[in-house]
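The values are calculated or read from the model by the stated rules, or taken from the named source; none is laboratory data. Computed from a predicted structure; not experimentally measured. Please note: Cβ atoms are built from the backbone with ideal geometry, for glycine as well, and neighbour counts cover all protein chains shown.
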Amino acid sequence: MLFKKASNFVFICIISVCSTLPLGEPEFVSQDGSDKIILPFKKDTDIAKFEFYESKIGEFPDYTSSNFNIDEINFKINMLKTKVVDILYIDIGFIDKEKGLQYTVCVTTKNEEVFLFNPFIWDKNTGRFKLIKT
C-alpha cells in the first residue's frame, strides 16, 4: 500500500514537471556500444531540429555556427509509458572523446522556440558523459 502511494506520488511529480517544462534534463546512456543522449519532452512539443555546439571547457560556445546540425530526428515511444512524455534519442557516438571539449545541445521547436541545455563533457575518470554546471 505504501509503495503504491509512493509510486503515485512520483508519477504525479513527473506529470507536473512535464506539464510545466517543454523539455527535461538530458540523460546519458550507452546502448549497443553506442553513446546516446536522451531528452524527454511533452508530446505536444513539435521539435524541428537539434544542433550541437562545441567549445573549450568553461567557455561559452559560439552559437552562430553549429558544429553538428542534424535535421533527421529519431523519435521513440517514451520509456515511462505515460501519455504526456516522449523521448528524443540522439546518438552522440560522433563525439571525439579525446578532444577534451564541452558540448551544448540546442533544440529548436517548429514554432521557433530555442532550448539550450547545460553543456556536457566526457569524464575520463568515470568513462561516461556528464553534465557540467554553468
*Mind listing whichever residues of the range 26-40 are surrounded by fewer than 15 Cβ atoms within 10 Å (Cβ to Cβ) and touching an Asp or Glu at 6+ places or on another chain (Cβ under 9 Å)?*
Val29, Ser34
*Using beta carbons and a limit of 6 Å, which pairs, at least six apart or on different chains, have the first residue in the range 101-126 and over 22 Å from Ala48 (Cβ atoms) and the second one of a type in the set (Lys, Arg) and assigned to a strand (DSSP E or B)?*
Asp123/Lys130
*Residue selected from the range 41-62 under the condition within 16 Å of Lys133 (Cα to Cα) and not hydroxyl-bearing (Ser, Thr, Tyr), by the criterion surrounded by the most Cβ atoms within 10 Å (Cβ to Cβ)*: Pro61
_Residue within the range 75-93 that is in a strand (DSSP E or B), more than 12 Å from Ile37 (Cα to Cα) and at pLDDT 85 or above present_ = no
